[in-house]
Amino acid sequence: MTISNKKYMKKALALAAKGKGRTSPNPVVGAVIVKGKRIIAEGFHKKAGTAHAEIVALKKAGSKARGATLYINLEPCCHTDKKTPPCTKAIIQSGIKKVVVAMKDPNPKVSGQGIRELKKAGINVEIGLMREEALKMNEAFAKFIKKKEPFVILKMAQSLDGKIATAKGESKWITGEESRKLVHRVRNEVDAVLVGIGTVKKDDPSLTCRIKGGRNPYRIIADSKLRIPLNSKVLGHKDNKTIIATTKKASKNKIASVKKRGAYVLVIDDLIRKKTSTKVSNGVNLKSLMKGLGKLDITSVMIEGGSSINASALSGKIVDKVMIFIAPMLIGGTDSMPSVGGMSPDLLKKATGIKNLKARTVGRDILVEGYLSL
């Protein structure tokens, strides 16, 4: 692979990134058409139901596409079980002579068939250029299309000693402004954010995306007994993007009242029972909730809750990735709030493992990212 090849694929990936948070349940895809070492057309998939990246680029190129090379971060689709026609046929008809693909489509309806169709038509196909970068770009889509469950990011903002609040509950702000801005950029890219009812009652967050040109994700509240105050900020939005996940413990009258506020109430039948030193409490089964969100075509969720929901997410094995913002401070105290609550494992080998760990500074803080070893 030449440097110029990589340059064009980098461009395709950059174009694909423009669709983050806007294409679900479809992947993000960018396409670049090159002829004589010159980019003659490019495009990206903007929204589900609209033209795919290849089609956008081919329409811009017109007859100039004949004999050119197409660079694309994901294998072109070849099936008809969707709102738009197969891209492989358009590529073949355009006269494109070579297609460079970063990765195969994880969709079982494609999974190499698009590549085979192009090769059968006499088109030279190369696979694997910048594959790792392409996989990361569409990691949420890859999980969703195979398991019909969203990709889950667990975000925590904590002190160096793992505390998210003082004993009196003060938590604003442990991390700095740059970290908070980054969280809003992630909100712009994920389909939904999830918090527990404790966070809503304590902080009354809006759970919006406060960056220029950003869009608000779905707001999901785990509230097993439907204790949410009707004047909560999350119930004041008029965009029909608030989902309250509750259980059969919720009263029908309260469900009706919450619905009148414009929220969608999702009743999760089964409960997760967790033992504490003093009692057995009931909460929303997060694994079942993820299955329910998958049915709503929500492909990615960022959990921004407190100690309790963080523990439930990890024990429920729904987390795919962690983003831990660490502030340069020590809070201390056995009575302060840890980032992960619940019961500790009796053996270290039962602790949650993190792989592919990366760390970088964000303003005055450190951001540690990694994937769970499930």
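Normalising the Debye intensity of the range 217-374 to I(0), with uniform scatterers on Cα atoms only, and taking log10 at q = 0.16, 0.18 Å⁻¹ returns -1.08, -1.26. Computed extension gain for residue 257 through residue 133, at 0.36 nm per residue and net of the alpha carbon distance, reaches 40.1 nm.
Placing pseudo-labels 7 Å out from each Cα toward the beta carbon at residue 181 and residue 238 gives an inter-label distance of 3.1 nm. Extension gain, residue 18 to residue 63: 0.36 nm times the residue separation minus the Cα-Cα distance gives 13.6 nm. Placing unit charges on each Cβ (+1 for Lys and Arg, -1 for Asp and Glu) gives the chain a dipole about its Cα centre, and among 111, 250, 173 the Cα reaching farthest toward its positive end belongs to 111. Sketch the reach of a paramagnetic label on residue 148 as a point 7 Å from Cα along Cα-to-Cβ, and name the residues of the range 294-332 whose backbone nitrogen lies under 20 Å away. The answer is 294-301, 318-319, whose backbone nitrogens lie closer than 20 Å to the label point. Taking θ as phi - 60° and the Karplus parameters 6.51, -1.76 and 1.60, the scalar couplings of the range 124-141 work out to 6, 10, 10, 10, x, 5, 6, 4, 4, 5, 5, 4, 5, 4, 10, 5, 5, 4 Hz in sequence order, x denoting glycine and proline. Largest GNM mean-square fluctuation among 75, 170, 139, using the chain with Cα springs under 10 Å: 170.
Along the range 320-333 the Karplus relation, 6.51 cos²θ - 1.76 cosθ + 1.60 evaluated at θ = phi - 60°, assigns HN-Hα couplings of 9, 9, 10, 10, 10, 8, 10, 8, x, 8, 10, 8, x, x Hz to successive residues, with x for each Gly and Pro.
The charge dipole of the chain, taken about its Cα centre with unit charges on the Cβ atoms of Lys, Arg (+1), Asp and Glu (-1) only, comes to about 1000 debye. One chain, two ends: residue 349 and residue 39. Fully extended at 0.36 nm per residue, the span grows by 106.3 nm beyond their Cα-Cα distance.
Of the options 31, 122, 65, report the single residue whose Cα projects farthest towards the positive end of the charge dipole of the range 28-127 (beta-carbon charges: Lys, Arg +1; Asp, Glu -1). Projecting each Cα onto the dipole axis, the largest value belongs to 65.
Each Lys and Arg Cβ is given +1 and each Asp and Glu Cβ -1; about its Cα centre, the range 1-143 then shows a dipole of about 460 debye.
With R₀ fixed at 25 Å, the C-beta to C-beta distance from residue 109 to residue 356 puts the FRET efficiency at about 0.30. Does anything in the range 187-221 have its amide N under 18 Å from the 7 Å Cα→Cβ label point of residue 230, and if so which residues? Taking a point 7 Å out along Cα→Cβ of residue 230, the residues of the range 187-221 whose backbone N falls under 18 Å are 201.
Highest GNM mean-square fluctuation among 339, 300, 257, for the chain modelled with Cα contacts below 10 Å: 257. Taking 22 Å as R0, compute the FRET efficiency from the Cβ-Cβ separation of residue 291 and residue 248 and round it to 0.05. My answer for the efficiency is 0.85. Ordering 301, 41, 368 by Cα displacement along the dipole of the chain toward the positive end leaves 41 in first place; charges were set at the Cβ atoms of Lys, Arg (+1) and Asp, Glu (-1). Under 5 Å from the amide H of residue 40 lie the amide H atoms of 33, 34, 35, each residue being 5 or more positions distant or on a separate chain, with H modelled from the backbone and absent for Pro and chain starts. Normalised by residue count, the range 188-277 yields a Cα convex hull volume of 115 Å³ per residue.
Reported value for the chain: 157 Å³ per residue, from the convex hull of its C-alpha atoms.
Normalised Debye scattering of the range 92-191 at q = 0.17, 0.19 Å⁻¹ gives log10 I(q)/I(0) of -0.91, -1.01, counting only Cα atoms as equal scatterers and leaving out solvent. With the largest listed first and rounded to whole Å, the semi-axes of the equivalent ellipsoid of the range 8-91 from the Cα gyration tensor are 20, 15, 9. For residue 210 and residue 7, the FRET efficiency from 1/(1 + (r/R0)^6), where r spans their Cβ atoms and R0 equals 25 Å, is about 0.15.
Contact order for the chain, expressed relative to its length and based on alpha carbon pairs under 8 Å spaced 6+ residues apart, stands at 15 percent.
Read-outs throughout are calculated quantities, based only on the coordinates presented, and are distinct from any laboratory measurement. Everything quoted here is computed from the prediction, not taken from an experiment. Counting neighbours? That spans all protein chains shown, and the Cβs are built from the backbone with ideal geometry, glycine included.
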